[in-house]
1. How much length would be gained if the chain were fully extended between residue 138 and residue 170, taking 0.36 nm per residue of separation minus their Cα-Cα distance, in nm to one decimal?
2. Taking just the alpha-carbon atoms of the range 2-70, what radius of gyration and Dmax come out, in angstrom?
3. First measure r as the distance between the Cβ atoms of residue 43 and residue 210, then evaluate 1/(1 + (r/R0)^6) with R0 = 51 Å and state the FRET efficiency to the nearest 0.05.
4. When the label point is put 7 Å from the Cα of residue 92 along its Cα-to-beta-carbon vector, which residues of the range 52-74 have a backbone N closer than 12 Å?
5. Which whole-number value in Å³ per residue fits the convex hull of the alpha carbons of the range 35-143?
6. Using a Förster distance of 41 Å, how high is the FRET efficiency between residue 245 and residue 64, based on the Cβ-Cβ distance and rounded to 0.05?
7. More than 18 angstrom separation, counting every C-alpha pair in the range 155-254; what % is that?
8. Compute the angle between helix 46-57 and the longest alpha-carbon principal axis of the chain, please, reported from 0 to 90 degrees and rounded to the nearest 10.
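Values quoted throughout were computed directly from the atomic coordinates according to the rules given, and no laboratory measurement underlies them. Because the structure is a prediction, the values reported are computed rather than measured. A quick note on method: Cβ atoms are made from the backbone with ideal geometry, for glycine too, and the neighbour counts reach across all protein chains shown.
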C-alpha cells in the first residue's frame, strides 16, 4: 500500500487533488484508516490516476471523466474521448479565427480596399430559399447547394447567395442560394428565381470566412465614405471555395452590397 504522499509523487497529482477526486468519487483510495482518516492507495491504481491526469489536462469535465472510467466498453470510452477532442478542436478553430481577426483589425495601416461599383442586370437562376436561423446557416447552405448541384447540369457561373438584413440584425432571416443557368429546373426545393437588377459595391474577401466580418466592415466604411447607402440583401458570390479547392488561401468570395447614392452630409 502507498501513503497518499507517495502516491502523489508517483502520479504527479497533488495531495489536494487526490482528496478532491476522492470526495467526488472519481478516484477512491484502496483503503481509509477508520481512526485517522488517512488514505492509502494500491500500485494498481497508478494507471487509473494517470488516465485521469491526462483527461484533466485535456479539460475533460469531471462528470465526463467518471463516465469514461466507469464504461466497460472500450469503444464507448473511445467515443467519449473523441467527442471531447472534437469539441476542443472546434474551440481551437474559433480561437484561431478570433486571433486572425484581431490581428487584421489591429494593423496600424490597413491596406486600401479594392471596391468596384457594378451594375448587375436582372438574372434568372436556379435557387433554394428559406428563412434560416443564423446558427444554422452553414448546415442549411451545404444541403441547399447539394440539391442545386444535383439538378443543375449546365451552370453558367459561380454559385452565390442573398442574405437578408434580418439574418444579421435579428439572428434569423431569409436566405437564398443559387446557381446561374440558362434553364433553371424545378425539383424538390430548387425552383427558378429572377434576381432583380441592382447596383452593387463589390469587393473580394480572400481566404477562409473566419474573418469575413472584417471585410464586411471595411466595405461598409467605404460605402459610407463615398456617400452611398446600403439597400437590400447582401449578395455573396463564391468564385473559389472549399467545393473547388481544399486550400483556404486560394478561396475568393465576392461581397456585393446593393447601394444607392445619398446627399452628402
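1. Details: separation 32, 0.36 × 32 = 11.52 nm, distance 1.71 nm.
Separation in residues times 0.36 nm, less the Cα-Cα distance, equals 9.8 nm.
2. Computed over the Cα atoms of the range 2-70, radius of gyration and Dmax are 11.6, 37 Å.
3. Working: r = 49 Å, r/R0 = 0.95.
Once the sixth-power term is evaluated, E becomes 0.55.
4. From the range 52-74, the list is 58.
5. Spelled out: Cα convex hull of the range 35-143, divided by residues, is 248 Å³.
6. So the FRET efficiency works out to roughly 0.65.
7. Every Cα pair in the range 155-254 considered, those over 18 Å come to 56 percent.
8. 30 degrees
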